[in-house]
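Written below as structure tokens is the structure these notes are about.
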Ligand code: SF4
Ligand code: SF4
């Protein structure tokens, strides 16, 4: 089993796209979850753990596990 280092709380996520813009590794993509857009770390294996996406999230939905 592969441990996913990034957790997005989809209940909190507003789909604003800031994490998509901030991540230079293109880890995130916005996906439709029944009419609500949410950020999904679909390329989490590309993450360098720079944490640049964490603070810009206006609702604190992103957790990067160390
Ligand atoms: S920690 Fe850095 S590389 Fe990883 S998802 Fe966030 S912005 Fe992208
Ligand atoms: S920055 Fe936060 S609220 Fe905005 S899309 Fe990313 S996870 Fe969702």
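Derivation of every value follows stated rules applied to the coordinates shown; laboratory data play no part. Keep in mind that this is a model prediction, so the values were computed, not measured. A quick note on method: Cβ atoms are made from the backbone with ideal geometry, for glycine too, and the neighbour counts reach across all protein chains shown.
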### Query
List, please: which pairs have Cβ atoms under 6 Å, are six or more places apart or on different chains, and start with a residue in segment 47-66 that is on the phi < 0 side of the Ramachandran plot and in contact (Cβ under 8 Å) with a residue 60 or more places away in the chain and end with one that is assigned to a loop (DSSP other than H, G, I, E, B) and more than 12 Å from ligand 2 (Cβ to nearest atom)?
65/5
#### Entry: residue 23 over 10 Å from the mean Cα position of the chain (by Cα), touching a residue at least 24 places away in the same chain (Cβ under 8 Å) and buried (at least 16 other Cβ atoms within 10 Å of the Cβ)
no
### Summary
Residue hits (segment 18-39; in contact with a strand residue (DSSP E or B) (Cβ under 7 Å, 6 or more places away or on another chain), farther than 16 Å from residue 60 by Cβ and near ligand 2 (Cβ under 9 Å from one of its atoms)) are 20, 30, 37
